[in-house]
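A.B. asks: First the structure, then my questions, so here it is.
Derivation of every value follows stated rules applied to the coordinates shown; laboratory data play no part. Since the structure is predicted, the reported quantities are computational estimates derived from the model, not experimental observations. Here the Cβ positions follow ideal geometry from the backbone for every residue, glycine too, while neighbour counts run over all protein chains shown.
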Amino acid sequence: MTTATLQMNDENDLFLPDGRNLVVLNGAPACLQDILSKTRMRLGEDIYNVNNGVDYFGTVFTPQPNDGAARKSLIDNIKASPDVLSVDQLIVSIGKNTFNYEAQIMTVYGLKTLRG
């Protein structure tokens with residue numbers, strides 16, 4: 001399946017790149033944007049599917065962060081993108097109120113790296 005989506009800016013908002021028109025992304029750029037959007041959504045944020053999203057408040061931003069549960073939640077959301085075949089590597093770092101990751105993702109467009 002080929003992903004198609006509207007282009008978002010760095011703040012994950014719709015915008016008009018030329019000041020007048022939306023842009024439709026296809027292929028690898030659309031796939032990566034879709035994955036990034038899924039990893040930015042927290043569990044319960046989607047009012048139409050409260051099971052959609054990463055469980056940041058239950059796994060990362062707690063008194064005892066749970067790296068394993070955070071990784072699983074993140075991987076599950078990455079794999080939910082239709083063009084993703086597998087997550088080959090995921091490096092997670094949880095620090096002082098920050099959560100960072102780097103993922104090597106095998107897609108139908110080849111191996112892609114995503115940082116968030």
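A.B. asks: Just from its helices, what would the mean residue ellipticity at 222 nm be for the chain, if runs of 4 or more DSSP H residues each count -39500 (n - 2.57) and the sum is divided by every residue, rounded to the nearest 500 deg cm²/dmol?
C.D. replies: So the helix-based figure for the chain works out to -8000 deg cm²/dmol.
A.B. asks: Once R0 is set to 41 Å, what does the formula 1/(1 + (r/R0)^6) return for the Cβ-Cβ distance between residue 67 and residue 28, expressed as a FRET efficiency to the nearest 0.05?
C.D. replies: Efficiency for this residue pair is about 0.90.
A.B. asks: Now, a different point. Report the local net charge at residue 71: Lys and Arg +1, Asp and Glu -1, summed over other residues whose C-beta lies under 13 Å from its C-beta.
C.D. replies: Once positives and negatives cancel, what remains is -2.
A.B. asks: Okay, moving on. For every other residue with a beta carbon closer than 12 angstrom to the beta carbon of residue 112, add +1 if it is Lys or Arg and -1 if Asp or Glu, then tell me the sum.
C.D. replies: Residues near residue 112 contribute -3 overall.
A.B. asks: In what order do 16, 90 fall by count of nearby beta-carbon atoms within 10 Å, going from fewest to most?
C.D. replies: Going from least to most buried by this count: 16, 90.
A.B. asks: Leaving out same-chain residues fewer than 8 places away, which aspartates and glutamates sit with a Cα under 16 Å from that of residue 72?
C.D. replies: Candidates past the 8-residue exclusion: 55, 88, 102.
A.B. asks: Go through (1) 46, 29, 26; (2) 73, 31, 27; (3) 63, 25, 16 and flag the label whose value is the computed Cα extents along the principal axes in Å for this structure.
C.D. replies: Among (1) 46, 29, 26; (2) 73, 31, 27; (3) 63, 25, 16, the one derived from this structure is (1).
A.B. asks: Measure nothing fancy, just the Cα-based angle from helix 67-79's long axis to the longest principal axis of the chain, in degrees from 0 to 90, nearest 10.
C.D. replies: Once rounded, the angle reads 20 degrees.
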